[in-house]
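> Before anything else, here's the structure in question.
Read-outs: derived from the displayed coordinates by stated rules, not from any lab. This one's a predicted model, so the numbers in the text were calculated from it and none came from an experiment. Methodologically, a virtual Cβ is constructed for each residue, glycine included, from the backbone with ideal geometry; neighbour enumeration extends over all protein chains shown.
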Amino acid sequence: MTATDTATALDSLCVDTIRTLSMDAVQKANSGHPGTPMALAPLAYVLYARVMHHNPRDPQWPDRDRFVLSCGHASMLLYSTLYLSGYDVSLEEDIERFRQLGSRAAGHPEYGHLPGIEVTTGPLGQGIAHAVGMALAERMLAARFNRPDHEIVDHRTFVIASDGDLEEGISGEASSLAGHLALGRLISFYDQNHISIEGDTKLAFTEDVGKRYEAYGWHVQDLEENIELGSLEQALETAIAVEDRPSLIIVRTHIAQGSPHKQDTAGAHGSPLGEEEVKLTKEAMGWPTEPPFYVPEDALEHFRRCVERGAEWQSEWEARFERYGEEHPGPAGELRRLFDRRLPAGWDAEVPRFHASGTLTATRKSSHEVLQWAAAHVPELVGGSADLAPSTLTRIDDSGEVEAGEYSGRNLHFGIREHAMGAIVNGLTLHYFRGYGSTFLIFSDYMRGSIRLAALMRVPSIFVFTHDSIGLGEDGPTHQPIEQLAGLRALPTLVVVRPAGANETALAWQYAIASTEHPTALVFSRQGVPTWNPASVPDDAIERGAYVLRDSFREPDPPDLILIATGTEVHLCARAADLLEPAGIATRVVSMPSVENFAAQEQGYRDAVLPPGVRARVAVEAASTFGWHRWVGDLGEVIGMETFGASAPSGALYKHFGFTPERVADTGRGVFERAGR
Ligand SMILES: Cc1ncc(C[n+]2csc(CCOP(=O)(O)OP(=O)(O)O)c2C)c(N)n1
Ligand SMILES: [Mg+2]
């Protein structure tokens, strides 16, 4: 097939409009990435105008095909295409204000800004990894809800990935798992343009990517330079027909295609072409050089046929959904609930409560028990671990595994791929599930990039981290987190919860599942802690972030001293209070399972828990002291970790590093003497 066979003049005009809008927007912003959108315009056009089933007028249509621009720096490709295909995108307000304060057309595509952005991209490799989660979610929904003659969940996930995306480790982790899981509805272009920022990719990237993806178990096509619209469409159809493997379509493109001086140069990657070069490029394309942002009416009209087609697809699907609902009212109602992102009514009517007990139980163990309760009430709760489930205890016991071709289970095996796990959990969460992923707290560092995207997108992914301090013991300092809690707490929107015992653990899971606007990190211990009297742990302990777990003998009057702790250090403080109170120092113990949530409380509540007049305060956490000084003030002290840990049994380490009731009591006494009553 040749271009003239398949691409009408109108199609070409549409493709060129994507190119010129992208060039103009970057030029006007005097910032951005023009070359890649210019080169990839035919890909976007074929996807949006010919192949993908989507409805620009209802970007939330649940059965739409998803598109992920993994190379988020090429954001103008997406914005131009969304505008031209009829999404609620404004030429004046969005595209002409590309990269300006308050514009929905941000530097890189941000989920929730413009309709049609399925996921935030920009950090290379993340897009394709999130797409793996979305494609997996599609199969998992299909396995649960489709019935003979009712293929009600029936869509695909399309991706464009660049050299940088496929150089990044996270894409390898995620693509390996996608191949293993045989995600046939995942289809990615690989834009092999031989260019990245420093120049030719042969500086650092010379493997045979196609062979690598074949080895992952993907179906691979290499179109080389043949990216006529007909060839692209044909390759996509071939990829769609391959149902048992994900597909990679390699295209050899030319960055800034059509630009007389910038084509095939790294300079076209991340800088405007320049007024003069824009003009020359438009002339070479046979495009009017003025005005900028020129959209030929017939191109717009042709492109906007997406609107009519999208409405037809959606109404056809809605009719099918109605028939499905008549025959299978239960599943249809359940699926509708997921589409609306509503939790089952009354799911948390009876949050588990645990009797007070001096028997020591690790919070990871309590978490396992609570997870079984949560899973029984929230069917969309699914997750797994990066090969540590026997330690993190995050299996849903009465459910099966998710495997290639068998997607009805709820337990995922991410393999030792923490970074991809984070992205896949986000992808699942974006796609109607409530996903969780677990590993040791120390390895949260390995997945920080994807946790950060969850936080930025405000998707309620749940990250479960166990072995949360030096208390993990003999594995030693390589495995003992020090600065991870402080680092996670510093992430905007992410809420970190480190519960002190079984009852806070139950509330922590309830809180994470009930959250809709932000991700949660649940941080659990390897070593045992006592179970506090449930009557002392208020229902809103996690929302409030901190509360008085045990007041002093002087209550309701303010105490002499406040001991503040999280997780496994709370009971140390209680035992320290047992030492201090008989000596006449009225000691209050505050449990602070979520520092961020406490910081967000109104002043009145904060002052009730930490009365400003009580300046004798000690905070205890077996982790970096970073951030704690705010809560103890000038006169207070923080007992934490200023060094790495060491290899030894947990009890010996706690003693060695000074996490003992005696040390807490001594410190408290000293602070009280300095501060006075
Ligand atoms: C994780 C990450 N590291 C670095 C960057 C900065 N960066 C943006 S694009 C790019 C490389 C561009 O090369 P390629 O992916 O081939 O895109 P092309 O220039 O071909 O569009 C880099 C290093 C980034 N966005 N994300
Ligand atoms: Mg490149």
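> For a quick check of your reading of the filter: which GluC sites (Glu not before Pro) in region 607-653 sit in a DSSP loop and have no more than 12 other Cβ atoms within 10 Å?
Glu642
> Let me ask you something else. Under 8 Å for C-alpha pairs, at least 6 residues apart: give me the relative contact order for region 3-309, rounded to a whole percent.
26
> Tell me the angle of helix 275-285 to the major Cα principal axis of the chain, expressed in degrees between 0 and 90 and rounded to the nearest ten.
For 275-285 against the chain, the angle is about 50 degrees.
> Tell me, what ³J(HN,Hα) does each residue in region 232-237 have, in order and in whole Hz, if you take phi through Karplus 6.51 cos²θ - 1.76 cosθ + 1.60 with θ = phi - 60° and put x for Gly and Pro?
Result, ordered by residue: 4, 5, 4, 5, 5, 5 Hz.
> Another one. Give the separation of the Cα centroids, region 93-137 to region 1-68, in Å.
15
> Using the Cα centre of the chain as the reference point, and only Cβ charges (+1 on K/R, -1 on D/E), how large is the resulting charge dipole? Debye, rounded to the nearest 20.
Dipole about the Cα centre, nearest 20: 2100 debye.
> Restricting to the chain, compute how many DSSP beta bridges are antiparallel as a %, nearest 5.
Taking every DSSP beta bridge with both residues in the chain, the antiparallel ones total about 15 percent.
> Once phi is turned into θ = phi - 60°, what whole-Hz ³J(HN,Hα) does the Karplus curve with 6.51, -1.76 and 1.60 give for every residue of region 634-650, x standing for Gly and Pro?
Ordered by residue, 3J(HN,Hα) equals 4, 8, x, 10, 10, 9, x, 10, 9, 10, 5, x, 7, 8, 5, x, 3 Hz.
> So which GluC sites (Glu not before Pro) in region 186-251 pass both tests, a DSSP loop state and at most 13 other Cβ atoms within 10 Å of the Cβ?
Passing both the DSSP loop test and the Cβ count: Glu198, Glu207, Glu225, Glu243.
> List the trypsin sites (Lys or Arg not before Pro) within region 26-98 that fall in a DSSP loop (any state other than H, G, I, E or B) and whose Cβ has at most 16 other Cβ atoms within 10 Å.
Passing sites in region 26-98 are Arg57.
> Express in whole angstrom the spacing between the alpha-carbon centres of region 353-417 and region 471-522.
Rounded to whole Å, the Cα centres lie 16 Å apart.
> To continue, here is another question. Measure nothing fancy, just the Cα-based angle from helix 448-457's long axis to the longest principal axis of the chain, in degrees from 0 to 90, nearest 10.
With both axes taken from Cα atoms, the answer is about 80 degrees.
> Treating the angle as unsigned and between 0 and 90°, give the value, to the nearest 10°, between the Cα long axis of helix 502-514 and the longest Cα principal axis of the chain.
20
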